[in-house]
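In what follows, a single structure is set out as structure tokens and then discussed.
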Amino acid sequence: MTGTAWRARAIQIGFVVVCVLGWIYVGNARLISPIFLPRFDRVMTELLRIVSNGTVFVYLGVTLFELFAAYALALAAGLTVGFLIGRSRFWVAVFEPLLNGIFAVPIVIFLPLFILFLGIGIESKIAFGATYAFFPIVLNTIGGIGAVDARFVTVAQSLGATRWQMFKRVLLPAALPVIVSGIRIGFLIGFFSIIGSEMIAGLDGLGSQIVQLGEGMNTAAMFAYILFVILIAAILNTLLSLLQSRFNRVAAAS
Amino acid sequence: MNLAMTDRAGLRLSPGWVRAGIVVLAVVAWEVAGHTILDPEFISPPSAVIAAFPRILADSDIRHAILVSFYELLAAFGIATVAGIALGVPIGLHRFTLRSALPLVLLIYSIPQVTVLPLFVLYFGIGPASKIAFGVSHGIFPILLNVVAGAQTVEPAHLKAARSMGAGRLLIFRRVVLPHMVPSLFSGLRLGMSATLLGVILAELYGSQAGIGYYTQVFTNSFDPAGMFALVAVLAVMAIILNEIVRRAERRASFWRVTAR
Amino acid sequence: MAFAGDVAITVEKVSHAYLKGAQAGLLQTLREVSLEIRRGEMVCLIGPSGCGKSTLLNIIGGLIQPSTGVVKVDGRVIRGPTPNEIAFVFQDNTLFPWSTILENVKVALEFQGVPATEREGRARTTLAAVGLKDFADHYPHQLSGGMKQRASLARALALQTGILLMDEPFAALDEQTRTYLGEELSRLLAKTGKTIIFVTHSLSEAVFLADRVIVMTARPAAIKATIAVAGAHPRGPAFMASPRFAEQRNELYALLRDEIEKTVGGLVGEEPEEAAPPMLAEQRG
Ligand SMILES: Nc1ncnc2c1ncn2[C@@H]1O[C@H](COP(=O)(O)OP(=O)(O)OP(=O)(O)O)[C@@H](O)[C@H]1O
Ligand SMILES: [Mg+2]
């Protein structure tokens, strides 16, 4: 199992190395105009520069602020609504198809509305990110509670559990892993939708910076920013996976 | 999920009707608010949105925009489907390709696609090509990964039975492996359809001179919320219809999975 | 039943050890099994769980190559699946759930290489023969367990082979259905004169169906004893009520008891981690 995991990791690293080598080769051989593909070393120096002089962190700060604000809203709303609905099978049957249906429509088509209502500043980004992050959280909360093994519920009922006891002692603990995974997905979706909304209509933050550099034909700097965002996404994702697996282990142990 | 289905029979008040009631109530509340507290420069009541439909659909530019978006979506979905299957089948079928190629697919899938959206425009231009390419980049992964997952579900007992009856490699693929992959392929198509739509619209909103995404911005900038809502509604309806088609196909293709056992 | 007397299947000193898996090579499953089965004979294989009955059956059918020894059918050495001579009925439901019963049988004929024009007619005839004429267009999940097993039987019969290998085909069924299907099989046997090897865990089923019951030892399996059962097919409830039936059933149990004790006793005493599979298998059956 771990052998396979290591193998997979090695293949991935090898692939990245090959890509970088190919990139360097293409740059040296001048096969592609540097406007389309800037030289690898130029992008790296640019990346080092924006990291060392701190400019990138200013933009990162804006984006992260939007993200955390959006996430706090989504978390509060998603968990509250999810629990309220999830506690009753009837309301699950009413709302789950509705929420699923809305989530199947790409919410991004409503982005112009967010801009229209809230302006081009950070408020529209926060609202947009919160909307997107809300759905996986609420759907997984409902789904997690709904998927609890019916035998547990029957046993608890036969032991005379009240509705609240049932919720606290049976439904919630059994559903937590699914809920936690929704919380994680919500965070990542929130992050990507905030970057996206900054790109489409934004003045500040990483997404808007990438676009502005692209429009100024400063492709090397744009690549540097894109790489930075990919790195941040990878780091956030890894952290969340670690948190999730630790959480699941703790939950399993208790 | 199927909880709702089993529940429905036993409940007096059908959740479907309650759901419909809630939707109606929301629309009515919006209508009332539209005439009283909301600023008509920013939001229009549903009646105004409905009234805007003929106006919008009469405009040949907008009709064209809807067609362009639809064409981009279908092209992207078609390419994503063909490529997803063409890559997914060989990857899923053999242990060697699975072990060596799947990590690469997952690696590429882990890149947040929205960050490279400007690159798609840089490489494919501002026309439909970049929208289609970006749509493909979103739609291909769910399809590919579901095809791969489907290949893993093949029942060893079925393989053994087919072998005992004299089936060769080709027949085993056609009659045993392929049927096993179909239900999972259709879940992939459903997810892929949603993802493709997301990709196409993202790219349209990001920069274009055609398509629905472009006109939503035009309406926003000219403070015409009714027109804008109507256009968004057209898009949403398109999304819902396409989604429903694929969902139906999925249910039909996997009937034996749902009811088996 | 009068035997033609000539030998249909010869198993010569077949040994087998599974090479893959955790205990590679250690897991000797069959130990020098030799066996002759006459044409038209019905042989039941019975033995403790996990002793190697399925393995032996798969080797005879050419699905597994033995480590040493050979299997011959009509004097020819078996090197792979021989769908024109041997058909299987497996324990677990191996009907394709995405196809109707009729399609299932037709696909089997396609696998066997029957021309497309003949498939439909042959499939329908065989389904009628097992009493599933009206269920041809049903999917497996729409049938009861007994009907599903009948459909599996139809699929094997449609191949029109001289030999039928059945691996606990009725194990998943309730006792009444199982007894009834046993009677049906006995009628079929009388009519077609097929050579059948039938693996079972049921003592009654073995005595009821077999011309000869072969008792296997615990793993690695060898042949412990053979019991000949007199009485022509078709056999019915009267056969089951006879004192001879009960006698032979008890005789069979006495033979098996030692072996089961060997398996279970040994496992409980020394190798607790291996105790699980036989117990589970028993519950299944
Ligand atoms: N593919 C395999 N790889 C490794 N070991 C196997 C394999 N198949 C079976 N075995 C082992 O070989 C032994 C005999 O298996 P087999 O299935 O032939 O037993 P059986 O007599 O049919 O048992 P049962 O009555 O439970 O069906 C068992 O101990 C089993 O664990
Ligand atoms: Mg067996």
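The values are calculated or read from the model by the stated rules, or taken from the named source; none is laboratory data. Worth saying up front: this structure is predicted, and the values here are computed from it rather than measured. All Cβ positions, even for glycine, are placed from backbone atoms using ideal geometry, and neighbour counts span all protein chains on display. Keep in mind that these areas ignore ligands, DNA and RNA; they rest on the heavy atoms of the full protein, side chains included. Shrake-Rupley method; radii C 1.70, N 1.55, O 1.52, S 1.80 Å.
A few points about this structure:
- Counting the residues of the stretch C:221-238 that are open to solvent by less than 40 Å² (accessible area, probe 1.4 Å) and either at negative phi or within 16 Å of ligand 1 (Cβ to nearest atom) (or both) gives 8.
- Within the stretch A:136-237, helices (runs of 4 or more DSSP H) holding 3 or more residues that are within 19 Å of A:I126 (Cα to Cα): A:172-200, A:205-215
- Whichever residue in the stretch C:54-93 is more than 11 Å from C:L165 (Cβ to Cβ) and under 14 Å from the mean Cα position of the chain (by Cα) and, among such residues, is most open to solvent (accessible area, probe 1.4 Å): C:D92
- Tally of residues being under 23 Å from C:T200 (Cβ atoms) and in contact with a Phe, Trp or Tyr (Cβ under 9 Å, 6 or more places away or on another chain) across the stretch C:120-144: 2
- Qualifying residue in the stretch A:106-121 (condition: in contact with an Asp or Glu (Cβ under 6 Å, 6 or more places away or on another chain) and small (G, A, S)): no
- Complete set of residues in the stretch C:45-75 that are in a loop (DSSP other than H, G, I, E, B) and within 13 Å of ligand 1 (Cβ to nearest atom): C:G47, C:P48, C:S49, C:G50, C:C51, C:G52, C:G61, C:L63, C:I64, C:Q65, C:P66, C:S67
- So C:G162, is it away from ligand 2 (no atom under 16 Å from the Cβ), more than 14 Å from every other protein chain (Cβ to nearest Cβ) and open to solvent by less than 30 Å² (accessible area, probe 1.4 Å): no
- Contact map, the stretch A:128-149: residues that are free of Cβ contacts under 8 Å to residues at least 60 places away in the same chain and more than 10 Å from A:G186 (Cβ to Cβ) paired with residues that are among the charged types (D, E, K, R) and open to solvent by less than 20 Å² (accessible area, probe 1.4 Å), Cβ distance under 9 Å, separation 6+ or inter-chain. Pairs shown: A:G143/A:E96.
- Residue pairs meeting the criteria (Cβ under 7 Å; at least 6 apart or on separate chains; first within 12 Å of chain B (Cβ to nearest Cβ), in the stretch A:1-24; second hydroxyl-bearing (S, T, Y)): A:I11/B:S100
- Which numbered condition B:A161 misses (of (1) over 30 Å from C:D92 (Cβ atoms); (2) open to solvent by less than 10 Å² (accessible area, probe 1.4 Å)): (1)
- Of the helices (runs of 4 or more DSSP H) lying entirely inside the stretch B:55-168, those containing at least 2 residues that are within 14 Å of chain C (Cβ to nearest Cβ) are B:156-164.
- A count restricted to the stretch A:30-44 and to residues that are surrounded by fewer than 12 Cβ atoms within 10 Å (Cβ to Cβ) and more than 14 Å from chain B (Cβ to nearest Cβ) stands at 2.
- If only residues of the stretch A:95-123 that are outside any helix (DSSP H, G or I) and under 17 Å from B:E244 (Cα atoms) are counted, the one that is modelled with the lowest pLDDT is A:V105.
- Comparison of A:I120, A:I142, A:I126, A:I109 shows that the only residue that is open to solvent by 10 Å² or more (accessible area, probe 1.4 Å) and more than 17 Å from the chain's Cα centre (by Cα) is A:I120.
- Restricting the stretch C:30-39 to residues that are open to solvent by 10 Å² or more (accessible area, probe 1.4 Å) and in contact (Cβ under 8 Å) with a residue 60 or more places away in the chain, the residue that is farthest from ligand 1 (Cβ to nearest atom) is C:R39.
- Sole residue being among the hydrophobic types (A, V, I, L, M, F, W, C) and buried (at least 19 other Cβ atoms within 10 Å of the Cβ), chosen from A:L48, A:L67: A:L67
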